[in-house]
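Here the structure comes first, spelled out in structure tokens, and everything after it is commentary.
The values are calculated or read from the model by the stated rules, or taken from the named source; none is laboratory data. Since we're looking at a predicted model, the values are computed, not measured. As a convention, Cβ positions derive from the backbone with ideal geometry for all residues, glycine included, and neighbour counts pool all protein chains shown. Keep in mind that these areas ignore ligands, DNA and RNA; they rest on the heavy atoms of the full protein, side chains included. Shrake-Rupley method; radii C 1.70, N 1.55, O 1.52, S 1.80 Å.
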Amino acid sequence: MDGNKRLLHGIVVKFLKIKLSKAATSTAIGKNLPCLPHHQLSNSQRRLNSTVKNTCLSAMPKVKIGIIGGSGLNNPELLKNGVEKTVDTQFGQPSDVLIEGQIQGVDVVLLARHGRHHTINPTNVNYRANIWALKTLGCTHVIVSAAVGSLKEEIKPGQFVVPDSFIDRTTKRIQTFYDGSPNGLPGVCHIPMEPAFCPTTRKILLETAQELGLTVHPKGNLVVIEGPRFSSKAESNMYRSIGGSIIGMTLVPEVVLAKEAGLCYACVAMATDYDCWFDHVVDVPSVLATFKQNVDNIIKLFVNVIPRIAEQDWTDILANNELTVKNGIQSEQVKK
Ligand SMILES: CSC[C@H]1O[C@H](OP(=O)(O)O)[C@H](O)[C@@H]1O
Ligand SMILES: Nc1ncnc2[nH]cnc12
């Protein structure tokens, strides 16, 4: 970046930070009180929060975390006193009702990717409506689970991977909100896919998984196939040869749309099988059986990750997400 561009970038980031801090609704607790994350405040501090402006915490945007549960994690007992919300979006209906509640005092929204009764196949999931619904409910973050096949011997069934990139082999899915249709967002958006996932959210997931003693692979390329069929052996070997680490059917376009929506998105993938390259039979009962044996670990991971996400100041990261989207929209560039 040359000097002028850097200066302009700095001004835009500053402007977006001011915008975000104005939008922030939480955590102002009075000038002499310590800087605590919202979920660690007492009720009286939270009440004060709504009336007193505080130079330290009023700048922290309130975090709300969407959780998209994949196969085997359709209606986890994660939320106490969850309230069902039916959300309709300009992109259609999400997979199911969204369930709003709190985990350790942090606002959370749950959504079952395939519907709570697993009635929607990977092609037919309305990924746009799911992400838009979470955004509409005010989510800043989305963490998701995915059941995946392993394409590497060292990634054993039952183990976890926090993918850092993906290889898209889907063929039938709309990957953008900016689609030129009357309901779509205006303009054309070329969103960068590196980093595909929010690095800070990934880091928190990874460190928490390690502290919980889970076997977790710190990175990996998730190959996303159209499905709903599993791969042939020749395909499975090809995916191995092009650098795939794990294989699933749902990450794309979810991760792409989350990025277009300016959300901090990260995935915890559980290897449920060795796909078929390993002379291994892949079928739904075996995938679900492995998932079921290890699902408690995913729930434990999410429950521990959520307060850690909430204690961080995301102002700069959210401002940068917004800037990335802005810079990806071609009509915005023409206007400049
Ligand atoms: C039940 S086997 C195939 C199915 O499982 C995975 O779902 P998700 O990513 O939602 O956990 C995979 O992508 C397929 O949709
Ligand atoms: N082997 C596999 N291929 C695609 N999606 C999967 N989900 C779980 N196992 C899978």
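Points to keep in mind about this one:
- Note on segment 92-104: among residues that are open to solvent by 20 Å² or more (accessible area, probe 1.4 Å) and assigned to a loop (DSSP other than H, G, I, E, B), the one that is modelled with the lowest pLDDT is Q104.
- Answer residue from segment 206-234, given it is among the hydrophobic types (A, V, I, L, M, F, W, C) and either away from ligand 1 (no atom under 16 Å from the Cβ) or at pLDDT below 95 (or both) and is surrounded by the fewest Cβ atoms within 10 Å (Cβ to Cβ) among those: A234
- Across segment 209-263, the number of residues qualifying as part of a helix (DSSP H, G or I) and closer than 15 Å to F160 by Cβ comes to 4.
- Some residue of segment 138-157 being under 16 Å from P253 (Cα atoms) and touching a His at 6+ places or on another chain (Cβ under 9 Å): no
- Enumeration of residues in segment 63-82 that are within 13 Å of ligand 1 (Cβ to nearest atom) and part of a strand (DSSP E or B): I67, I68, G69
- Residue in segment 142-152 that is away from ligand 2 (no atom under 16 Å from the Cβ), open to solvent by 10 Å² or more (accessible area, probe 1.4 Å) and either modelled with pLDDT of 95 or more or not small (G, A, S) (or both) present: no
- With respect to the conditions (1) away from ligand 2 (no atom under 11 Å from the Cβ); (2) open to solvent by 30 Å² or more (accessible area, probe 1.4 Å); (3) modelled with pLDDT of 95 or more, D279 falls short on a single one, namely (3).
- Residue within segment 146-155 that is under 21 Å from I225 (Cβ atoms) and more than 16 Å from ligand 1 (Cβ to nearest atom) present: yes
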